[in-house]
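Enquirer: Let me begin by handing over the structure; questions about it come next.
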Amino acid sequence: MTVLITIERFLVVAIPSRAPNWFTTWKCKLFSAGVLLFSFLMAFPRYSSVYISPNHVGRNINSTKEVEFIILPSIFNEFWYVTLKGFFDTIDFWLPLPLLLLFNAVLYLQIRKFKRNRRNLNVNQKKNISAANMFVPVVIVLFLCNIVPIVHYYYIHSGVIHREAIFGMFVSEVVNSAANLPIYYFRGSGFRKECRALLTPYFPVWANDSKKSEETGEEKGQNTKTTSGCIWYNQTDDKGSSQVLKNREPT
């Protein structure tokens, strides 16, 4: 999904005239459904490669002799993790990371090119550039969270398995899975408003905060109306006659 969003960000920024036709609401839903289906097919071997069995084989082992049931490898284990091992390694590491590096590097160069001509950018282009900048931390977190799994991958191929590396890999996966929501929330005002609108029924305190912010915004707007633009003011001369002097810009 991160690779898909990165490609979409690049195309929207690089080809703003044609990209909206490629990423309509219906097509984005279709792409997301395809990614979810592909992810399920990729995760299915993890469930079909093992099965739960009564503990007949672990009774002689101190750590499992009191366990009633045990997880054993199924007949599909060798097929998934030996025959198709290269395929899974390619999908997990060797394909996504180079694609992310490539498209984010090109996207960075494209944004720098557009920023030089900032005056010629329209509103949609500015929004797309800000959205692409907001997505950069997601990619950075993904790269950082893949360092430990790649190190663990090399450890396994060298015949050495460290429990600390396995634990670090699981922590990296959890952080990577949970990092997107806070990044979007704190960096995207539109996403933050949507989240608060969805969660307000469950957190009534947020409703009061939003009302206060709206009232404050209205007051600011009213004050702005009275002070914006040109101010016409009267000044009384020595004879007591009031006259309009001039049109003054507010300081």
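Enquirer: Pairs only if they're at least six apart or on different chains, beta carbon under 9 angstrom, first in the stretch 155-183 and of a type in the set (Phe, Trp, Tyr), second assigned to a helix (DSSP H, G or I); list them, first residue then second.
Expert: Short answer, once both residue conditions are applied: Tyr155/Ala165.
Enquirer: On to the next question. Go through the residues of the stretch 187-201 one by one and say whether even a single one is at pLDDT 85 or above and among the acidic types (Asp, Glu).
Expert: yes
Enquirer: Which ones in the stretch 173-202 are exposed (fewer than 11 other Cβ atoms within 10 Å of the Cβ) and more than 15 Å from the chain's Cα centre (by Cα)?
Expert: Leu198, Leu199, Pro201, Tyr202
Enquirer: Could you check the stretch 43-81 and list, in sequence order, the residues that are of a type outside the set (S, T, N, Q) and farther than 30 Å from Asp92 by Cα?
Expert: Taking the stretch 43-81 first, the residues of a type outside the set (S, T, N, Q) are 43-47, 50-52, 54, 56-59, 61, 65-73, 75-76, 78-81.
Within the stretch 43-81, Pro54, His56, Val57, Gly58, Arg59, Ile61, Lys65, Glu66, Val67, Glu68, Phe69 qualify.
Enquirer: Here's a follow-up. Filter the stretch 46-61 down to the residues that are over 30 Å from Thr83 (Cα atoms) and modelled with pLDDT under 75 and list them by number.
Expert: Selection gives Arg59 alone.
Enquirer: Give me the residue from the stretch 19-59 that is in a helix (DSSP H, G or I) and among the hydroxyl-bearing types (Ser, Thr, Tyr) and, out of that set, nearest to Phe76 (Cα to Cα). Spell out the reasoning first.
Expert: Here is the first cut: in the stretch 19-59, the residues in a helix (DSSP H, G or I) are 19-22, 25-48.
If we keep only those that are among the hydroxyl-bearing types (Ser, Thr, Tyr) as well, we get 25, 32, 39, 47-48.
Values: Thr25: 39, Ser32: 29, Ser39: 19, Tyr47: 10, Ser48: 7 Å.
Per the stated criteria, the residue is Ser48.
Enquirer: Just the residues that are aromatic (Phe, Trp, Tyr) and over 17 Å from Leu142 (Cα atoms), please, taken from the stretch 154-171.
Expert: Tyr154, Tyr155, Phe167
Enquirer: Of all residues in the stretch 96-140, which are within 30 Å of Ile150 (Cβ to Cβ), touching a helix residue (DSSP H, G or I) at 6+ places or on another chain (Cβ under 8 Å) and without any contact (Cβ under 8 Å) to a residue 60 or more places away in the chain? Working first, answer last.
Expert: Initial filter on the stretch 96-140 (within 30 Å of Ile150 (Cβ to Cβ)): 96-112, 131-140.
So of that shortlist, the ones also touching a helix residue (DSSP H, G or I) at 6+ places or on another chain (Cβ under 8 Å) come out as 96-97, 99-100, 103-104, 106-107, 110-111, 131-139.
Listed by number, the residues that qualify are Leu97, Asn133, Met134, Val136, Pro137.
Enquirer: Go through the stretch 128-141 and give me each residue that's under 10 Å from the mean Cα position of the chain (by Cα) and either within 28 Å of Phe167 (Cα to Cα) or modelled with pLDDT of 80 or more (or both).
Expert: Going residue by residue through the stretch 128-141, those that are under 10 Å from the mean Cα position of the chain (by Cα) are 134-139, 141.
Phe135, Val136, Pro137, Val138, Val139, Val141 - these are the residues of the stretch 128-141 that are under 10 Å from the mean Cα position of the chain (by Cα) and either within 28 Å of Phe167 (Cα to Cα) or modelled with pLDDT of 80 or more (or both).
The values are calculated or read from the model by the stated rules, or taken from the named source; none is laboratory data. Quick caveat, the model's predicted, so the values are computed rather than measured. With ideal geometry, Cβ positions are generated from the backbone for all residues, glycine too; neighbour counts draw on all protein chains shown.
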